[in-house]
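> Shown below is the structure under consideration.
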Amino acid sequence: MLLRVLVLIALPLYCFAGSGCPFLEEVVNKTISPEVSVSEYQNFLQDFAQTTDKKEALADMKQCFLNQSNETLHNYAQMMKIIYSSVWCALS
């Protein structure tokens, strides 16, 4: 499940310079932020999670990130910056 979400996050990045999408960047930032609770995260993305299954999937994904160390979260943020500035994003 986490892999699917990461792929869904990464695919749009292929199409935009920088990320080209402030909303996407905000979603990524809220996903990796330890200050954002599961319920805050679900509320932020409520328009995209109408069913109970989707709400639970968001909760599970956010909890997965909350369980990570600060070092892992920092590394993930760095990876996203690398993706944003990659050759494939810059080509668009």
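The values are calculated or read from the model by the stated rules, or taken from the named source; none is laboratory data. Note that this is a predicted model, so its numbers are computed, not measured. We work out accessible area using only protein heavy atoms, side chains counted, and drop any ligands, DNA or RNA first. Shrake-Rupley method; radii C 1.70, N 1.55, O 1.52, S 1.80 Å.
> Ranked from the most accessible area to the least, with a 1.4 Å probe and all protein chains present, what is the order of Glu26, Glu56, Glu35?
Values: Glu26 80, Glu56 100, Glu35 145 Å².
Sorted descending by solvent-accessible area, the residues read Glu35, Glu56, Glu26.
> Over all Cα pairs of the stretch 21-69, how is the pair count split among 10 Å bins, expressed in % and running from 0 up to the last occupied bin?
28, 58, 14, 0
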